[in-house]
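FYI, it's all coordinate maths here, none of it is from the lab. Everything numeric here is computed off the predicted structure, so don't read it as measured data. In this analysis, Cβ positions are derived from the backbone assuming ideal geometry, glycine residues included, and neighbour counts consider all displayed protein chains.
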Amino acid sequence: MKQKFSVLLMIITAVLVLAACGTKDNNSGSDSGSGDDNKVYMVGTEATFAPFESIDADGNIVGIDVDILQAIADEVGIQVQWRNVGWDAVFSMINNKETDIGASGITITEDRQKTFDFTEPYYESKLLIAVPVDSTISSLAELENKKIAVQINATGHVAAKKLQGETSKNILAFDSQPLAIQEMLNGNADAVIGDNAVVYEYMKANPDKKLKIVEDDAFEREYYGLMVRKGNKELLDKLNEGLQKIKENGKLEEITGSAFWNE
Ligand code: ARG
């Protein structure tokens, strides 16, 4: 009886020890900076942003950002695991060390660079205005007193605030760019300010939605980068190394259809 008990105790101890190891492995998403080769880097995204990231019919996160990061990972021999966490969490989870990389069509901005580090740019983008097909709006300036729908804390939101002031009641901020577009189509806003490639992709995927595009040179060029925790130089260097390689070997251009860095 006593013997059985101690065998049982040994088994329980073994199970607990194994479980503890397992937990440790799962947590390896947070960067230890120890250079552990088996480390899987956790990637946070907001996957309503086709063609950069969206959820396919099987529930997988797919898109240009996924392909780019995988190509980089293959070049430098690291592993990545994607999570669809939501736009705010793309940023907050990096700071909490729940993720290591933000890959979400993220524009490199001076403001964000105060809190995060970014790789070199991998894509050139620009904001544009989407309006209902029968709208007469033809420029950014005309939106000064109009209702603008945006994705919250995205560069389109920043542009709207620059135009109307930080506290404007005419800016409606939603969790995703498709939601902002839908709200406008429902008649709750006059226009959307969003990322060009994504709005065009939305129109292609939703030909029934009666949208029209207004481009305006008042919007500046933007560049997407991969984002890491401030000071995570080890990971940033790896990502930049891989990115440089896929710029040189043509892979990045193959994925995005653009070689803006050579232009
Ligand atoms: N490029 C814009 C920004 O950085 C919008 C990005 C939104 N990305 C997304 N996956 N929803 O603010």
Distant-in-sequence amide H partners of Glu222 (H built 1.01 Å from N, under 5 Å): Ser125, Lys126
Theoretical FRET efficiency, 1/(1+(r/R0)^6), r = Cβ-Cβ of Asn60 and Ala205, R0 22 Å, to 0.05: 0.80
Length added when fully stretched, Gln81-Glu220, from 0.36 nm per residue minus Cα-Cα: 46.8 nm
FRET E, pair Asn96, Thr136, Förster distance 51 Å, beta-carbon r, rounded to 0.05: 0.65
Volume of the Cα convex hull of the stretch 170-256, divided per residue and given in Å³: 154 Å³
Cross-link partners of Lys251 among lysines (Cα-Cα below 18 Å; sequence separation of 8 or more within a chain): Lys238
Quarter of the Cα convex hull surface for the stretch 214-263, i.e. its orientation-mean projected area (nm²): 5.2 nm²
Simple Cβ-charge dipole of the stretch 102-194, Lys/Arg +1 and Asp/Glu -1, about Cα centre, in debye nearest 20: 180 debye
For the stretch 67-72, Karplus couplings with θ = phi - 60° (6.51, -1.76, 1.60), whole Hz, Gly/Pro x: 5, 5, 5, 5, 4, 5
D (Stokes-Einstein, µm²/s), Kirkwood Cα radius, the stretch 92-245, 1.306 mPa s at 10 °C: 96 µm²/s
Dimensions in Å of the chain - Rg and Dmax from alpha carbons: 22.2, 87
Table column - 3J(HN,Hα) (Hz), the stretch 198-212, Karplus curve with 6.51, -1.76, 1.60, x for Gly and Pro: 6, 5, 4, 5, 4, 5, 5, 7, 10, x, 6, 7, 8, 10, 9
Length-normalised contact order for the chain - Cα pairs under 8 Å, 6+ apart - percent: 24 percent
Under 12 Å, Cβ to Cβ, from Phe116 - net charge with Lys/Arg +1 and Asp/Glu -1: 0
Amide H partners (placed H, <5 Å) of Met42, local residues excluded: Gln81, Asp100, Ile101
Selected from Thr167, Thr109, Thr45 as most flexible by GNM, with the chain as the system and alpha-carbon contacts under 10 Å: Thr167
